[in-house]
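Below is one structure, written out as structure tokens; comments come after it.
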């Protein structure tokens, strides 16, 4: 099984899934960056993503979607539920639509993910905490 680095960009109408890189066969979504620029891909056994402070304010979403045949958008109206589960090493984000279920992992804490999605998804977000967050020094 492999890992795939994805970038999720939250816009005013949808979440855009942008394919960045693959590591190994198959590709498992191992990085989750929501509405921010990404950093370097790290150890796939501990899915993480460095985050900068810049947000995507003036991107052409249609150009981003067309830049890779595997990029796609999920409109907020088609998302039925979002489960945000903060674990000891990463936060799991599960997006459920009427047709698919997507799972991503982030170095963001659950509160940060919730803050980014709350305006558009509100009561469709469920948050859990399965363990204390480990601190790497």
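The values are calculated or read from the model by the stated rules, or taken from the named source; none is laboratory data. None of these values were measured; they are calculated from a predicted model. When we count neighbours, we look across all protein chains shown, and the Cβ atoms used for this are built from the backbone with ideal geometry, even at glycine.
For beta carbons closer than 8 Å, sequence separation of 6+ or different chains, a first residue in the range 11-22 that is over 10 Å from residue 68 (Cα atoms) and a second that is at pLDDT below 85 and surrounded by fewer than 15 Cβ atoms within 10 Å (Cβ to Cβ), the qualifying pairs are 22/2. In the range 91-110, the residues that are farther than 14 Å from residue 6 by Cα reach residues that are modelled with pLDDT under 90 and in a loop (DSSP other than H, G, I, E, B) with C-beta atoms within less than 6 angstrom, at least six apart or across chains, in these pairs: 91/108.
Evaluating residue 77 against the criteria (1) modelled with pLDDT under 90; (2) within 20 Å of residue 121 (Cβ to Cβ) leaves one unmet condition, (1).
When residues in the range 80-97 are screened for being out of contact with any strand residue (DSSP E or B) (no Cβ under 9 Å at 6 or more places or on another chain) and at pLDDT 95 or above, 0 of them pass.
Which one is surrounded by the most Cβ atoms within 10 Å (Cβ to Cβ) among residues in the range 98-121 that are under 11 Å from residue 80 (Cα atoms) and out of contact with any strand residue (DSSP E or B) (no Cβ under 7 Å at 6 or more places or on another chain)? Before you say what the answer is, go through the steps one by one.
Residues of the range 98-121 under 11 Å from residue 80 (Cα atoms): 98-101, 121.
Now restrict to residues that are out of contact with any strand residue (DSSP E or B) (no Cβ under 7 Å at 6 or more places or on another chain): 99-100.
Details: 99: 7, 100: 9.
Looking at residues that are under 11 Å from residue 80 (Cα atoms) and out of contact with any strand residue (DSSP E or B) (no Cβ under 7 Å at 6 or more places or on another chain), I get 100.
On the basis of being at pLDDT 90 or above and surrounded by 17 or more Cβ atoms within 10 Å (Cβ to Cβ), does residue 33 make the cut? Judged against the criteria, residue 33 is not a match.
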